[in-house]
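Enquirer: The following block contains the structure, expressed as structure tokens.
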Amino acid sequence: MYAQVKQLIEKYDRIIIHRHINPDGDAYGSQLGLKRIIELNYPKKEVYAVGDVNTFQFLGELDTIPDEYYSEALVIIVDVCVSYLISDHRYKKAKEVLVIDHHLNQPDFECISFIESNHISCADLIAGIFIENDFIFDKVASTRFLTGIVTDSGRFLYPNTNAQTLEIAAFLVKQGADLNWIYKKLYTEELNFKKLKGYFINNFKTTKQNVAYMKNDTTVKDTFGVSTFVVSRAMVNQMSGIKGIEIWVNFTEEDNHNILVELRSAEKSIVHIARKYGGGGHALACGCSLKSFDEADVLLNDLDEFLEGANTK
Ligand SMILES: [Mn+2]
């Protein structure tokens, strides 16, 4: 499969790289790292990266391209394989679509897919493909990939961090990846962000089975001056690493009143519960979307029943 990725890249003169909406460090790092590595190794190819932007833009600029570019192009979609989560739906106009992902999902559209869910980040999966193919790396590409690894592994903390993760990270550092620069960019916080963390730590609740949870209506983001995404994704792990809490969930109301749900578990796979509500993701880190906070209570009840069953076995 590693060779097949190379073949596909070689077949096309124009390559357009997509990833998921609300990009995290891994989506951005994978996308822009891949762009850089193709540019470095095939200087004659046109390579573009498209999608929505946020604070991870420090990794590099995105491109604005006309629709016509797609008809003769290969699109590579990274860090996502579910169509509604892909940023910029023009990928459908491409001649061929390749998906490289590390989530526990199957693509719901026509493509060639390369999915390895044992990888902690999509960035280390992609870097691994090009290391295996003896591609040239440089400081820029390596720093982008390493950002993906650092963010998706929680700074090498989360359970799927393994020897392979560290080997690839070490390779990237040897190629000039600037770990200190990444850490400075990622971990210097704004005052409102720090205060939001404090709000979470002081206000989360627990269920009968000790599932920790927060229900955030839209006033939370307004009070702290952050986006819905920050309240939802960036805050969920404020409830992690607490003795006796095996599962923690963050419910966040969007402006359209849907409830974004981030589910996390220390050890037991809970992705089946995310799937039950139309979501997905990883075994220990997954998500879904609900219609109301009432539905959130039903989901919490499911988690309690699951824990009760699992812990009395
Ligand atoms: Mn990822």
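The values are calculated or read from the model by the stated rules, or taken from the named source; none is laboratory data. Bear in mind the structure is a predicted one, so any value in this text is a computation, not a measurement. Reconstructed Cβ throughout: ideal geometry from the backbone, glycine too, with neighbour counts over all protein chains shown. Side chains included, ligands, DNA and RNA excluded: accessible areas come from the protein's heavy atoms. Shrake-Rupley method; radii C 1.70, N 1.55, O 1.52, S 1.80 Å.
Enquirer: What shape does region 197-283 have by the C-alpha gyration tensor, where a ≥ b ≥ c are the square roots of the eigenvalues, rounded means a/c under 1.5, and otherwise prolate means a/b greater than b/c and oblate the rest?
Expert: Because a/c hits 1.5 or more and a/b fails to exceed b/c, region 197-283 counts as oblate.
Enquirer: What number, rounded to the nearest 500 deg cm²/dmol, is the helix-based mean residue ellipticity at 222 nm of the chain, given -39500 (n - 2.57) per DSSP H run of at least four residues and division by all its residues?
Expert: The helix contribution divided over the chain gives -11500 deg cm²/dmol.
Enquirer: Measure out, as a whole number of angstrom, how far apart the alpha-carbon centroids of region 112-131 and region 62-105 sit.
Expert: If you average the Cα positions of each part, the centres end up 16 Å apart.
Enquirer: Here's something else I'd like to know. Hey, what do the phi angles of region 110-119 turn into as Karplus ³J(HN,Hα) couplings, whole Hz, using 6.51/-1.76/1.60 and θ = phi - 60°, x for Gly and Pro?
Expert: So the J values, rounded to whole Hz, are 6, 5, 9, 10, 9, 10, 10, 7, 7, 8.
Enquirer: In addition: Rounded to whole Å and sorted largest first, list the principal axis extents of the Cα atoms in region 150-261.
Expert: Computed over the Cα atoms, the extents are 45, 33, 25 Å.
Enquirer: Skipping prolines and chain starts, which residues have an amide H placed within reach, meaning under 5 Å, of the one on Y48, given they are 5 or more residues away or on another chain?
Expert: Close amide H contacts, sequence-distant or interchain: I15, I16, I17.
Enquirer: On a C-alpha basis, how far is the centre of region 1-32 from the centre of region 242-281 in Å? Whole number, if you could?
Expert: If you average the Cα positions of each part, the centres end up 28 Å apart.
Enquirer: Which aspartates and glutamates have a Cα lying under 16 Å from the Cα of K291, excluding residues fewer than 8 positions away in the same chain?
Expert: Those aspartates and glutamates meeting the cut-off are D217, E253, E254, D255, E262.
Enquirer: Run the dipole for region 66-116 about the Cα centre, Lys and Arg Cβ at +1, Asp and Glu Cβ at -1, nothing else charged, and hand back the magnitude in debye, nearest 20.
Expert: Here region 66-116 has a charge dipole of around 100 debye.
Enquirer: When a/c is below 1.5 the answer is rounded, else prolate if a/b is larger than b/c, else oblate, so apply that to region 109-152 with a ≥ b ≥ c taken from the square roots of the Cα gyration tensor eigenvalues.
Expert: Verdict is oblate for region 109-152.
Enquirer: Can I ask one more? Using just the Cα positions, wrap region 2-187 in a convex hull and report its mean projected area in square nanometres, one decimal place. Please list the in-between numbers first.
Expert: Numbers: hull surface 37.6 nm².
Convex hull of Cα atoms, orientation-averaged projection: 9.4 nm².
Enquirer: Okay, next question. Express the relative contact order of the chain as a whole percentage, based on alpha carbon pairs under 8 Å and six or more residues apart in sequence.
Expert: 13 percent
Enquirer: Calculate the spin-label point distance for K139 paired with I112, positioning each point 7 Å from the Cα along the beta-carbon direction, and give it in nanometres.
Expert: Between I112 and K139, the label points sit 3.5 nm apart.
Enquirer: Would you list, by chain and number, the lysines whose Cα falls below 27 Å from the Cα of K92, excluding same-chain residues fewer than 8 positions away?
Expert: Qualifying lysines at Cα under 27 Å: K6, K11, K35, K44, K45.
Enquirer: Treating the chain as a set of equal point scatterers at the Cα positions, no solvent, please give the Debye-formula log₁₀ I(q)/I(0) at q = 0.08, 0.10, 0.14 Å⁻¹.
Expert: Relative scattering, expressed as log10 I(q)/I(0), comes to -0.37, -0.57, -1.09.
Enquirer: Whole number please: convex hull volume per residue of the Cα set in region 98-200, in Å³?
Expert: That works out to 137 Å³ per residue.
Enquirer: Can you tell me the length gained on complete extension of the stretch M1 to I242, counting 0.36 nm per residue apart and subtracting the Cα distance?
Expert: Length gained, M1 through I242: 82.7 nm.
Enquirer: Report F156's accessible area, 1.4 Å probe, all protein chains in place, as a number in Å² to the nearest 10.
Expert: Its heavy atoms expose roughly 60 Å² to the probe.
Enquirer: While we're looking at this one, here's another question. Which of the three applies to region 62-147, rounded, prolate or oblate, going by the alpha-carbon gyration tensor with a ≥ b ≥ c and a/c under 1.5 meaning rounded?
Expert: On the way: a/c = 1.91, a/b = 1.30, b/c = 1.47.
Oblate is the answer for region 62-147, as a/c is 1.5 or above yet b/c matches or exceeds a/b.
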